[in-house]
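Trainee: I have a structure here, written as structure tokens, and I will follow up with some questions on it.
The values are calculated or read from the model by the stated rules, or taken from the named source; none is laboratory data. None of the values given here were measured: they were computed from a predicted structure. FYI the Cβ positions are ideal-geometry reconstructions off the backbone, even for glycines, and counts take in every protein chain you see. Just the protein is used for accessible areas: all its heavy atoms, side chains included, with ligands, DNA and RNA removed. Shrake-Rupley method; radii C 1.70, N 1.55, O 1.52, S 1.80 Å.
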Amino acid sequence: MVLEIGNRYILRRFFSGLLAFLLSITLTFFLLRSLPGDYMTDLLLEIGRYAPPELVASFKHEVGLDLPLPEQYLLYLTGILKGNWGHSFEYGLPVFSLIREKLYWTLVLLLPSSLLSAGLGMGFGAYSGWKNGSKTDAFLLHSLVFVGAVPSYCWGFAGLFIFSFRLGLLPFGGYVSLPGTEPAGLFRHALLPVLTLTLCSVPGIYYLMRNSMLDTLGEDYILAARARGFSESRILFQHALPNSILPVLTMTSLHCAHMLAGSVFIETIFAWPGLGLLTYSALETHDLPLLQGIFLVDTLLIIIANLTADLLYPLIDPRIRSRIRGE
Amino acid sequence: MLLYLLVALLASWLAPYDPLEISGSPCESPGPDHLFGTNDFGQDLFSMLLLGSRATLLFGFLGACISAGLGTGLGVFSGFLGGRTDRVISGTLDVLMTIPQLPLLLVLSIYLRPGLYLLCGVMGLLGSLTQARIIRAKVLSLSTENFVYAAKGLGLSDFHIMFRYILPSVFPLTFVKFLFGAQHYMLLGVGLSFLGLGDPEIVDWGQMLHQVYSGGGFALGLWNWFLPPCFAMVGLSFSLSLLGYSLEPWLSPQLRHEKQAFFECD
Amino acid sequence: MELIEIKSLKVTFPTEAGLVRSVDCVDLQLGAREKLGLIGETGSGKSVLAHATLRLLQPDALCEGEILYQGRNLLDCTPTELRRLRGRELALIPQNPSRALNPLQTVGKQLFETLRQAGYSKKEAVAKMPELLRSVGAIDPDSWAKAYPHECSGGMCERIVIALSLAFSPSLLLADEPTKGLDSLNRARIITLLGEVTENRALLFITHDLEAAALLCTRLALMYAGELVELGDKAAVFENPLHPYTRGLLFALPARGMQPIPGRSPPLTALPDGCRFHSRCPEAIARCRSQHPPLFDTGNGHFCRCWLYV
Amino acid sequence: MLEVKDLTVCFRTGLSIDKNRKHSFWAVDRVSFSMKKGEALGLVGESGSGKTSLGLALLQLIRPTSGSVRFCGTELTALDGRALREIRPRIQPLFQDPTSSLNPCMRIGASLEEALKLKAPLSKEEARTRALKLMELVELEPGLYSRYPFQLSGGQNQRSALARALALEPDLLVADEPTSGLDVSVQAQVLGLLQKLRKKWGLTLLFISHDLEVVKKMCDRVAVMHAGKLVELGKTEEVFKNPKHPCTKSLLFPNLEVGPIPSKRNSSMAATVTPDEKGFSVFSVLSFLKEKFKPCKKRMPPEPGWENENRNEEMVEISREHWVLIPSGFSFSD
């Protein structure tokens, strides 16, 4: 199947993803070097206050600051590709390993909630569109519009307030990854953040899916299938559902990737030891190298999500497939 | 919605205290003096709420204005002119779109702080990318319509066609996107200042939440401290999205014309 | 007994602009193997009539009257009963064939599904598919089966849609403007094909293409503004058109002088008093303006809704 | 007045970087003809034969790949920007779907006034009276002046589109299947109007249609297209009475059975043009011609660079003003 869509298409997608990544790297580089108040100067000034000038010069030489800008850029680039993402001010650790550790915990939150929100959003949306005009549809539509209007942090607060503060059912958060932690504890801690994240991304997907379903149901082939005497469930699963999922697919993958950004709020509120909390603390301490590292990781994740959607699309839609072949 | 605008405009007269001034004892419960009580510095929460609406609304609408305006402009140009202009613009958009917005904002906010409005501009700029993509797709499908061909055939100039023919057709789309954009930016703006990126000189709801969070109001369960800004925000965002959704059918001309179409064909 | 009998069928849609009376008191009979051409302009209610026969209208449409299929009223049928009738007994060839096919499935898959629905086993369905495709004029059925709808041209889609409707071997075929948008070559091919496949079944041919109807059908029915205005044998209608509208339509054909009928049909929300055609009618008399004419029998099964034939 | 020479429109299917011919599709292939002032030329052919592309290329709404279009002595293909905009009012299009050819956001009156103002600056009052006059000319009720296109029927919209085109007092009207979406009686209205106006204004008309009966009624001369090529051109009666090219014959008598041989050249376009629907391909036509026409003694060497054998064809005048496309190297023999 993959061969069928053509290697050229895949290559081009990869290329554009790579380009975006390079662009992000370049952006961070220039932010790092050229904006006023840039941290290198600050750092050097600070060192300069205590250290003899020779030491500053040798430090400069070591970091490569005495090189011309293009060479610095090249150095930075190769550094990033090699996994040398700089050192965090605050933690004094390499950014790369710090992020790698925290990313794991973020993914523990993100993966279940993306699956859950994609499933729920599409399911509710499809049902709502299919039963358009019914009471269930109206109820779902209104309640989900409301859910979507409430920002993630408000849901986080509400969840904490009700379940942890008032009812005392769930912990306040602040999960600490200890070796040998039992899964039940992990589950108890992760439940609220996952639910909150899901709650925030379901409405968007739901609304897209519902609209798409409504459009599809207006198509002639649905009418034609009815005229042929197909059962309703067959029409739904064979004709309406596959066709209406298509336009939602790309948006869903993007949505899930953007949940990463939303996790900053959620993790902060629930004190979840993932990338989001790391971001928050980096913000508080103005830990630039760390922030830039996080930014790069986020970019990478979004590019991967994009790529997945791009590659999935032609596998499902024959029209896209032949257009690609035509190219 | 109107209520919110009104409150924002009249905030300085309505507010009983200066929100930055310490007007009572810390952590007062709600009472006749302080409608929602006070925070840990003893600042009046009700006044903060009222005045905060200003910054939040401004932030949202400014961001949405920039993104809708710029996005529509770019989209129309790129979609209508086609050819090399289009390839350059849409190619750039494609690449730029993969850059995550919030993390970039966070990184930038360190440099630009405490310029929340500058951030808002950057945010609008980033938002315009998505907007431009949507508008471009619409314009592309419009450009193959006969009426655009006919307009070209009349010998009208490209600019005239863009303004009189393309723009009115994409305007409903732009407007609805503007509303949703405003909602999104408000929430984002509040979120940013919740993370402590706001301008300490300007009061907004996000900052109030930030104070709740860092000032320990949450752990103490002082509902009067964090519930009002939450509710205010939810109400605002809900009213904006209701407005947006109710206008959405207006987007598709088929829906608008469906009833008409009944007479024309069976 | 007649195969299908439509008795004073009324279809109305409530809209903001008022009640749209799409089909108004239509009586039609169609015997087994009879081919009836239903002719009318855009908006005259012919497609609505076809969809009403299959009960495929939107839920807000109101149907009154009776549609008797082999003595059974379709308007009283339960959804399950209807499903059993649709396709199996009454098949629709929908308008816009290229949009009547699921874009995500190959033609073969859709045919296979339909054949399975018609009660064939998997093996039989696979075996029957090329035969069915060949019967609608495919020379290379395998390549057709592998094609996706977007890879097929208009004429090809039309054939596939016809093949789909034949999968059940229905006793009545409702063809909704099958020649619309086709060029003369394809039009001729489709007409020939329709003639071939309906040799042993009844056909309700909905069209505004008078020539196509003349080629295919034995009887013609003309609709104007939701009601039947003339009904009769093909020869009688073509050679001796009674209703002024029929005459106008015939003379509007390019081959017959291309004389236009002045004015336009009335909106279905605000139908005029009297004869609905009177404002455009060159032969209108005073009575036409005030009294609504019934469908008169002028002998030999030729009916006409006009005061000129009292 | 209009002279078209070797006009070619080539679409690249997809955005392939290499300009390999395999990725190209000739919608219009070296078409040449000319039109006199006041004449009505009918352009007929099956769907997908390139009629519409030819029409759009004449209007410069799609730029032709090569060839020339001379209009009243001006080379249109060389024009650009402002110069092109200035000559455009003299050639007006009329499209198949009338509702979509009017700006959906503009009232009928405003559309007409816009066109009128393009011709000469007018005051508001003047524009209004002129627009109403135009509406009267195309037999539209003045009450429709402030209606939107979607509130009108197809026939009314087509008449408004015609009125807008006439507002510019064009020399040439390119009507692309102006009535194929309309009912018979409405078609008769619109076409009757077109004929009347043609007589009154001395309009030159290029009438694109697949309905031969209509073309017979409307046009002085008829040109037949097939697979992007002009295959026959002549006086209407002459072509209808005495069609020479197999394509014309099949259009006139559609029952003609011709084997479905896939066309090699269009194989890259298999997505839209399937072997069956393309019907008899260029190859079958060629074999048909080979049987009908005897080869010339002096064979022309094939043009270098063109791999396709069917490119070696040329229009031959077989009788007065009756041109038929036959392979070069073949002569007409009776």
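Trainee: Scan the range A:210-237 and report the pairs whose first residue is closer than 13 Å to residue C:86 by Cβ and more than 9 Å from every other protein chain (Cβ to nearest Cβ) and whose second residue is part of a helix (DSSP H, G or I) and basic (Lys, Arg), with Cβ atoms within less than 8 Å and a gap of 6+ or a chain change.
Mentor: Matching pairs, first to second residue: A:235/A:226.
Trainee: Sticking with this one: Could you list, in sequence order, the residues of the range C:254-271 that are surrounded by fewer than 19 Cβ atoms within 10 Å (Cβ to Cβ) and aliphatic (A, V, I, L, M)?
Mentor: Matches in the range C:254-271: C:255, C:270, C:271.
Trainee: If only one of D:212, D:205 is away from every other protein chain (no Cβ under 13 Å), in contact with a strand residue (DSSP E or B) (Cβ under 8 Å, 6 or more places away or on another chain), surrounded by fewer than 24 Cβ atoms within 10 Å (Cβ to Cβ) and in contact (Cβ under 8 Å) with a residue 12 or more places away in the chain, which one is it?
Mentor: Working: D:212 fails: away from every other protein chain (no Cβ under 13 Å).
Exactly one of D:212, D:205 is away from every other protein chain (no Cβ under 13 Å), in contact with a strand residue (DSSP E or B) (Cβ under 8 Å, 6 or more places away or on another chain), surrounded by fewer than 24 Cβ atoms within 10 Å (Cβ to Cβ) and in contact (Cβ under 8 Å) with a residue 12 or more places away in the chain, namely D:205.
Yes/no per residue for (1) basic (Lys, Arg); (2) open to solvent by 40 Å² or more (accessible area, probe 1.4 Å); (3) under 13 Å from the mean Cα position of the chain (by Cα):
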position	(1), (2), (3)
C:186	no, no, no
C:191	no, no, no
C:196	no, yes, no
C:200	no, yes, no
C:214	no, no, no
C:220	no, no, yes
C:231	no, no, no
C:234	yes, yes, no
C:237	no, no, no
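Trainee: Checking residue B:183 against (1) buried (at least 20 other Cβ atoms within 10 Å of the Cβ); (2) at pLDDT below 85; (3) within 14 Å of chain D (Cβ to nearest Cβ), which single condition isn't satisfied?
Mentor: (3)
Trainee: Please identify the pairs in which a residue from the range B:128-150 that is open to solvent by 60 Å² or more (accessible area, probe 1.4 Å) has its Cβ atom under 7 Å from the Cβ atom of a residue that is of a type in the set (S, T, N, Q), counting only partners at least 6 apart or on another chain.
Mentor: Between residues of the range B:128-150 that are open to solvent by 60 Å² or more (accessible area, probe 1.4 Å) and residues that are of a type in the set (S, T, N, Q), the close pairs are B:145/D:100.
Trainee: Determine if the range C:284-299 includes at least one residue that is closer than 30 Å to residue D:215 by Cβ and among the hydrophobic types (A, V, I, L, M, F, W, C). Give the derivation first.
Mentor: The first filter runs over the range C:284-299 and keeps only residues closer than 30 Å to residue D:215 by Cβ, leaving none.
No, there is no match, as no residue in the range C:284-299 is closer than 30 Å to residue D:215 by Cβ and among the hydrophobic types (A, V, I, L, M, F, W, C).
Trainee: Let me confirm something: among D:110, D:115, D:131, D:127, which residue is in a helix (DSSP H, G or I), more than 29 Å from the chain's Cα centre (by Cα) and more than 22 Å from residue D:177 (Cα to Cα)? Lay out the reasoning, then the answer.
Mentor: Working: D:110 fails: more than 29 Å from the chain's Cα centre (by Cα); D:115 fails: more than 29 Å from the chain's Cα centre (by Cα); D:131 fails: more than 29 Å from the chain's Cα centre (by Cα).
Step by step, each of D:110, D:115, D:131, D:127 is checked, and only D:127 is in a helix (DSSP H, G or I), more than 29 Å from the chain's Cα centre (by Cα) and more than 22 Å from residue D:177 (Cα to Cα).
Trainee: Moving to a separate point now. Which condition number in (1) within 21 Å of residue C:200 (Cβ to Cβ); (2) among the acidic types (Asp, Glu); (3) touching a Gly at 6+ places or on another chain (Cβ under 9 Å) is the one that residue C:34 fails?
Mentor: All conditions pass for residue C:34, except number (3).
Trainee: Just to be sure I understand, how many residues within the range C:162-184 are outside any loop (DSSP other than H, G, I, E, B) and under 15 Å from the mean Cα position of the chain (by Cα)? Working first, answer last.
Mentor: To start, the set of residues in the range C:162-184 that are outside any loop (DSSP other than H, G, I, E, B) comprises C:162-166, C:172-176, C:184.
Restricting the remaining residues to those that are under 15 Å from the mean Cα position of the chain (by Cα) gives C:162, C:165, C:172-176.
Number satisfying all stated conditions: 7.
Trainee: Among (1) buried (at least 16 other Cβ atoms within 10 Å of the Cβ); (2) farther than 20 Å from residue C:248 by Cβ, which single condition is residue C:274 missing?
Mentor: Condition (2) is where residue C:274 drops out.
Trainee: For the range A:205-226, which residues satisfy the criterion of being small (Gly, Ala, Ser) and crowded, with 20+ Cβ neighbours inside 10 Å? Write out each step before concluding.
Mentor: Restricting attention to the range A:205-226, the residues satisfying the condition of being small (Gly, Ala, Ser) are A:212, A:218, A:224-225.
Residues satisfying the conditions are A:212, A:224, A:225.
Trainee: On to the next question. Does residue C:42 count as among the β-branched types (Val, Ile, Thr) and farther than 23 Å from residue A:132 by Cβ?
Mentor: Numbers: among the β-branched types (Val, Ile, Thr): yes; farther than 23 Å from residue A:132 by Cβ: yes.
Yes: the conditions hold for residue C:42.
Trainee: Working only within the range D:150-160, note down all residues that are open to solvent by 10 Å² or more (accessible area, probe 1.4 Å) and in contact with a Pro (Cβ under 7 Å, 6 or more places away or on another chain).
Mentor: D:150, D:154
Trainee: Further, regarding this structure: May I ask you to list pairs of residues, at least six apart or on different chains, whose Cβ atoms are under 9 Å apart, with the first in the range C:277-294 being open to solvent by 60 Å² or more (accessible area, probe 1.4 Å) and the second being of a type in the set (Ser, Thr, Tyr)?
Mentor: C:289/C:279
Trainee: Scanning the range C:261-286 for residues that are within 13 Å of chain D (Cβ to nearest Cβ) and under 24 Å from the mean Cα position of the chain (by Cα), which turns out modelled with the lowest pLDDT?
Mentor: Looking at residues that are within 13 Å of chain D (Cβ to nearest Cβ) and under 24 Å from the mean Cα position of the chain (by Cα), I get C:264.
Trainee: Then there's this: Based on this model, can you work out whether residue C:183 counts as within 14 Å of chain D (Cβ to nearest Cβ), free of Cβ contacts under 8 Å to residues at least 12 places away in the same chain and within 30 Å of residue D:226 (Cβ to Cβ)? Quick ask: steps written out before the conclusion?
Mentor: Working: within 14 Å of chain D (Cβ to nearest Cβ): yes; free of Cβ contacts under 8 Å to residues at least 12 places away in the same chain: yes; within 30 Å of residue D:226 (Cβ to Cβ): yes.
So residue C:183 fits the description; yes.
So that you can scan it fast, the table gives a plain yes or no per residue for (1) within 14 Å of chain A (Cβ to nearest Cβ); (2) charged (D, E, K, R):
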{"site": "B:84", "(1), (2)": "no, yes"}
{"site": "B:94", "(1), (2)": "yes, yes"}
{"site": "B:108", "(1), (2)": "yes, no"}
{"site": "B:137", "(1), (2)": "yes, no"}
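Trainee: Right, something else. Name the single residue, out of those in the range B:186-202 being more than 18 Å from the chain's Cα centre (by Cα) and more than 11 Å from every other protein chain (Cβ to nearest Cβ), that is modelled with the highest pLDDT.
Mentor: B:202
Trainee: Would you check if residue D:38 is touching a Ser or Thr at 6+ places or on another chain (Cβ under 9 Å), at pLDDT below 85, more than 14 Å from chain B (Cβ to nearest Cβ) and in a loop (DSSP other than H, G, I, E, B)? Spell out the reasoning first.
Mentor: Working: touching a Ser or Thr at 6+ places or on another chain (Cβ under 9 Å): yes; at pLDDT below 85: no; more than 14 Å from chain B (Cβ to nearest Cβ): yes; in a loop (DSSP other than H, G, I, E, B): yes.
So residue D:38 does not fit the description; no.
Trainee: Just for the range C:135-162: of the residues that are away from chain D (no Cβ under 12 Å) and under 18 Å from residue C:97 (Cα atoms), which one is most open to solvent (accessible area, probe 1.4 Å)? I'd like the intermediate steps shown before the answer.
Mentor: The first filter runs over the range C:135-162 and keeps only residues away from chain D (no Cβ under 12 Å), leaving C:135, C:142, C:145, C:161-162.
Now narrow it down to the ones that are under 18 Å from residue C:97 (Cα atoms): C:135, C:145, C:161-162.
Details: C:135: 52, C:145: 20, C:161: 7, C:162: 0 Å².
Looking at residues that are away from chain D (no Cβ under 12 Å) and under 18 Å from residue C:97 (Cα atoms), I get C:135.
Trainee: List, please: which pairs have Cβ atoms under 9 Å, are six or more places apart or on different chains, and start with a residue in the range C:230-241 that is over 14 Å from residue C:297 (Cα atoms) and end with one that is open to solvent by less than 10 Å² (accessible area, probe 1.4 Å) and part of a strand (DSSP E or B)?
Mentor: Pairs that qualify, where the first residue is over 14 Å from residue C:297 (Cα atoms) and the partner is open to solvent by less than 10 Å² (accessible area, probe 1.4 Å) and part of a strand (DSSP E or B), are C:234/C:37; C:234/C:220; C:238/C:220; C:240/C:232.
Trainee: Mind counting the residues in the range A:283-299 that are touching a residue at least 24 places away in the same chain (Cβ under 8 Å), within 10 Å of another protein chain (Cβ to nearest Cβ) and either β-branched (Val, Ile, Thr) or closer than 18 Å to residue A:153 by Cβ (or both)?
Mentor: 3
Trainee: May I pose another question? So, residue D:63, is that one closer than 24 Å to residue B:141 by Cα and surrounded by 18 or more Cβ atoms within 10 Å (Cβ to Cβ) or not? It would help to see each step written out before you state the result.
Mentor: Working: closer than 24 Å to residue B:141 by Cα: yes; surrounded by 18 or more Cβ atoms within 10 Å (Cβ to Cβ): no.
When the stated conditions are applied, residue D:63 does not pass them.
Trainee: Restricting the range D:90-124 to residues that are farther than 22 Å from residue B:143 by Cα and open to solvent by less than 10 Å² (accessible area, probe 1.4 Å), which is nearest to the other protein chains (Cβ to nearest Cβ)?
Mentor: Filtering first and then ranking leaves D:116.
Trainee: Does residue C:241 qualify as being over 30 Å from residue C:197 (Cα atoms), buried (at least 16 other Cβ atoms within 10 Å of the Cβ) and under 25 Å from the mean Cα position of the chain (by Cα)?
Mentor: no
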